[in-house]
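Notes follow the structure.
The values are calculated or read from the model by the stated rules, or taken from the named source; none is laboratory data. Just so you know, these numbers come straight off a predicted model, no measurement behind them. Methodologically, a virtual Cβ is constructed for each residue, glycine included, from the backbone with ideal geometry; neighbour enumeration extends over all protein chains shown. Please note that ligands, DNA and RNA were not included when accessible areas were found on the heavy atoms of the full protein model with its side chains. Shrake-Rupley method; radii C 1.70, N 1.55, O 1.52, S 1.80 Å.
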Amino acid sequence: MSNEKFIITKASGEEAYFSKEKLRTSLQRSGAGEDEIEHVIDEILPKLYPGIPTKKLYKMAFSLLKESSRHLAARYHLKHAIMELGPSGYPFEKYIAEILKHQGYSTQTGIITQGQCVKHEVDIVANIGNHQLMIECKYHNQPGTFSDVKVPLYIQSRFKDIEAEWLKSGDRTKKYQGWVVTNTRFSMDAIQYGTCAGLRMLGWDYPVKKSLKVQIDESGLYPITCLTSLTKNEKQLLLGKKIVLCLELNEKILVGIGIKPQRLNTITMEAHQLCKHLVKSKTNNHVSQTN
């Protein structure tokens, strides 16, 4: 049987045919060269079997990349790394706020805002020019999880309550908008309703050309959970200190969480290589280009 005819099992439980080209594309997105890509594919193909979980495919590819280049493995690890920002959703909220700051926004996280009817705790309030945003972050730590239509329905009702108060007591020249940001995917109903209601929807793969994944890769703002040279416990210690970006790391911070001198160079080198293509975005290209 051709390798292309093997059925694989996605994290959601859905089945699909294995695609060598999809594997190749995911490796290309990590920045791997053609020789590295061919090596990974050649190693994986003989190990395929009907029903193989995509999680196992990912682990094989990740391990092979890590052997040759830690920073490429770190980029390949991005989706899983964002899921490691938990267990609470706060680090994800801070991470999204940092991306917005890089795009020129001023941000506040976890603030209490008075609505027309009740008070609300808002994940992020962001401002740029005459635009003010209410942003709710839907963080998931399990692959295959979707944000369904109930999410934008709930957030739209909260936004309209807050917007009514902002219009009454705030600057009437401002334009207000509600946002939903998730590290996974939206259901089609969620996208249809959110778009119709005027919410800005930002997901792992939506919208296609400005998805969360695309914008992270373009900006170089990778989370510290990407780094293969840090242990899970060390990542949690950094998150506890509210450090979420690889760009924030330095030797003083690393020594402060107990990193031994002999490991400092490995960690800082991986972080530097991961972020060296950082491109400073202009305001008119910001992550949240407002409708």
What stretch of the chain, leaving out the sites themselves, is the longest with no trypsin sites (Lys or Arg not before Pro) in a DSSP loop having at most 14 other Cβ atoms within 10 Å? 11-171
Report, to the nearest whole %, how much of the accessible area of segment 4-69 belongs to carbon and sulfur atoms, 1.4 Å probe, protein only. 51
Using a ≥ b ≥ c from the Cα gyration tensor of segment 6-74 (square roots of the eigenvalues), is it rounded, prolate or oblate, where a/c under 1.5 gives rounded and otherwise the larger of a/b and b/c decides, a/b for prolate? prolate
Calculate one ³J(HN,Hα) per residue across segment 206-215 by plugging θ = phi - 60° into the Karplus curve 6.51 cos²θ - 1.76 cosθ + 1.60, and present them in order as whole Hz with x for glycine and proline. 9, x, 3, 8, 9, 5, 4, 4, 4, 6
Debye log10 I(q)/I(0) for segment 174-249, one point scatterer per Cα, at q = 0.17, 0.26 Å⁻¹: -0.79, -1.11
Sequence order, segment 91-96: Karplus ³J(HN,Hα) from phi using 6.51 cos²θ - 1.76 cosθ + 1.60, θ = phi - 60°, Hz rounded, Gly and Pro as x, gives x, 5, 4, 5, 4, 4
Which distance in Å, rounded to a whole number, links the C-alpha centroids of segment 51-127 and segment 214-232? 9
With only helices counted (DSSP H, runs n ≥ 4, each -39500 (n - 2.57)), the per-residue ellipticity at 222 nm for the chain, to the nearest 500, works out to -13500 deg cm²/dmol
Of all DSSP beta bridges with both partners in the chain, the antiparallel percent, nearest 5, is 55
Kirkwood Rh, angstrom, the chain [1 / mean 1/r, Cα pairs]: 20.5
Could you compute the net charge surrounding Val151? Neighbours are other residues with a C-beta less than 12 Å from the C-beta of Val151; K and R count +1, D and E count -1. +1
Amide H contacts of Ser147 (H built 1.01 Å from N, under 5 Å, at least 5 apart or other chain): Arg185, Phe186, Ser187
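From Cα pairs below 8 angstrom and at least 6 apart in sequence, can you work out the relative contact order of the chain, rounded to a whole percent?
Computed over the chain, the figure is 17 percent.
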In Å², rounded to a whole number, the accessible area per residue of the chain with probe 1.4 Å is 50
Only loop residues by DSSP count here, and only those with at most 15 other Cβ atoms within 10 Å; note down the chymotrypsin sites (Phe, Trp or Tyr not before Pro) in segment 1-73 that meet that. none
When the accessible area of segment 204-278 is split by element with a 1.4 Å probe, what percent falls to carbon and sulfur? 55
Any idea what the dipole of the chain comes to, in debye rounded to 20, about its Cα centre with Lys/Arg Cβ at +1 and Asp/Glu Cβ at -1? 440
Per residue, what volume in Å³ does the Cα convex hull of segment 48-206 take up? 123
Given pairs Lys101/Lys276; Lys119/Lys241; Lys101/Lys160 and cut-off 22 Å on Cα-Cα distance, the over-length ones are Lys119/Lys241; Lys101/Lys160
